[in-house]
Amino acid sequence: MAAKKLYIKTYGCQMNVYDSQRMADTLAPLGYQEINSPDGADLILLNTCHIREKASEKVFSELGRLRQLQEAARAEGRRLLIGVAGCVAQAEGEEIVRRAPQVDLVVGPQTYHRLPDLVTRALQGEEARRLVDTEFPPESKFDFLPEESRSAGAAAFLSVQEGCDKFCSFCVVPYTRGAEVSRPVANILAEAERLVQGGALEITLLGQNVNAYHGEGPDGREWGLGRLLGRLAEIDGLERLRYTTSHPRDVDEELIAAHRDLDKLMPYLHLPVQSGSDRILAAMNRKHDSAFYLRVIEKLRAAQPELALSSDFIVGFPGESDQDFAATLRLVTEVGYAQAYSFKYSPRPGTPAATAADAVPEEVKSERLAMLQQLLGEQQYAFNRGAVGKRMPVLLERKAKRPGQLAGRSPWMQAVVVEAPQGLLGHLLEVEILEAHPNSLVGRLVGLPEEEMVAPRMRTTA
Ligand code: 5AD
Ligand code: SF4
């Protein structure tokens, strides 16, 4: 039987990237092989994101384009199935098949282990209306997913926790991803071992609120993220650990100690603060103020002096005054970020903040976003310039744009480009940083003998 072709288009966060890989794993036993473009596909899945504005509109316009592809396939006598997965699927459910009749099935983030069944039923001609599965089922999908069907590459992701119980007033995640659930330690260890056997040198643990992790340990007790990281660090051949995304309230002593004690835990942390104004943080229901956040960072930096920080910011939250915004700029100046993401507030239907009356005008949001991004950009560039002349291990995880170059990440998550033969892809190598750019570094490989450059045999580690 000829392989059927599967194309998955992924929107949004790394959790969605991970989920897309696992969706492909579930469909492999049905004979689906993943391809990199929608052309010629037998099944197209959109793995969607609902976190910020226009996400659903983007999905519906993409579905419009896919309809043409579906009709073209039909004209050739082929059937092209279209599925919508992810957080828009969860939020919109049946509305999707009502608005977009070309859609054959809809599956939420917690039920994609049921994809093979949904796809089989769609192929048998069952109505799309009956193929909308957005339950939060009592069983965990992880108990039903097949083992990973491919090598995930040198830098792999591993989902350890999903959902969120924090209910920040602007955020859809607690509604689309549901309550916090942690995978058992044994389960995670087994997946990590397989990833390392498949060539992974780095694993990034994923969760919407990853440091709220509280999975069942092999001793029957609840383990936190710090202890889990400590256990993972014992895996031979695994060189680097990261985790994302964290909440300041859930940084506990064990996690801080992990940053002090584990050489494999990279000195980089994405710790969103959202705002520097205590009034806005309270309105956001963040459950911490700016002093608390700064204290957490102080403790982390005391444990790991090399720690580089990243964050998320929202500007123009309802009621945000010039003074509130100034407090955000002050906090950024005080912390000094290696990089950060910043967004204009957008009301998400169903969240408490969406009905707040005192909206900030669009122009003010744009102005504040530009000012914040200017400051964050300067900090990032300064951080990058500080790397020039230093040597650091870089995990060469992908081809760079130019031929003859590979790209990877520094311990501090900076993108580093080097001249290197393709054979060094997937290696962790010492690099001397020659140049800094606002968003990347340029370096050269050091310490490799000439013949090694031509015919790499060994893997060098930091
Ligand atoms: N508007 C703008 N940004 C948002 N984020 C989450 N919800 C919203 C929203 N309604 C941002 C937060 C979060 C990141 C993933 O997306 O900064 O940390
Ligand atoms: Fe959303 Fe993060 Fe707040 Fe949870 S902690 S509600 S995922 S912003």
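Coordinate-derived values only; no laboratory data. All values derive from a computational prediction rather than experimental measurement. Heads up, the Cβs are rebuilt from the backbone with ideal geometry, glycines too, and the neighbour counts pull from every protein chain shown.
Relative intensity of the stretch 346-410 on a log10 scale, I(q)/I(0) at q = 0.28 Å⁻¹, equals -1.15, per a Debye sum over C-alpha point scatterers of equal strength in the absence of solvent.
Building the convex hull from the alpha-carbon atoms of the chain and averaging its projection over directions returns 23.3 nm². Considering only beta bridges that DSSP places wholly inside the chain, some 35 percent are antiparallel. Taking other C-beta atoms within 10 angstrom as a stand-in for reagent exposure, S277, S37 fall in the order S37, S277, fewest first. For K365, the lysines whose Cα falls under 28 Å of its own Cα, not counting residues fewer than eight places away in the same chain, are K54, K58, K166, K287, K344. Per-residue ellipticity at 222 nm computed for the chain from its helices equals -10000 deg cm²/dmol, with DSSP H segments shorter than 4 residues left out and the rest contributing -39,500 (n - 2.57). Between S346 and R65, the contour length at 0.36 nm per residue exceeds the alpha carbon distance by 98.6 nm.
Each of K401 and S366 was given a label point 7 Å from its Cα along the Cα-to-Cβ line. The distance between the two points is 2.6 nm. If you model the stretch 267-383 as an ellipsoid using its alpha carbon gyration tensor, with each semi-axis the square root of five times an eigenvalue, the axes come out at 25, 16, 11 Å, biggest first. The overall shape of the stretch 142-249, judged from the alpha-carbon gyration tensor, is prolate: a/c is not under 1.5, and a/b is greater than b/c. When the scattering of the stretch 191-238 is computed by the Debye formula from its Cα atoms alone, each counted once and equally, what is log10 I(q)/I(0) at q = 0.14, 0.25 Å⁻¹? Results for the stretch 191-238 at q = 0.14, 0.25 Å⁻¹ read -0.37, -1.01. Residue exposure proxy: K54, K9, ordered by other Cβ atoms within 10 angstrom of their Cβ from fewest to most, comes out as K54, K9.
Taking the number of Cβ atoms within 10 Å of each Cβ as an exposure proxy, the fewest-first ranking of R177, R391 is R391, R177.
Which shape class, rounded, prolate or oblate, goes with the stretch 1-99 when its Cα gyration tensor gives a ≥ b ≥ c as root eigenvalues, a/c under 1.5 marks rounded, and past that a/b bigger than b/c marks prolate? Verdict is oblate for the stretch 1-99.
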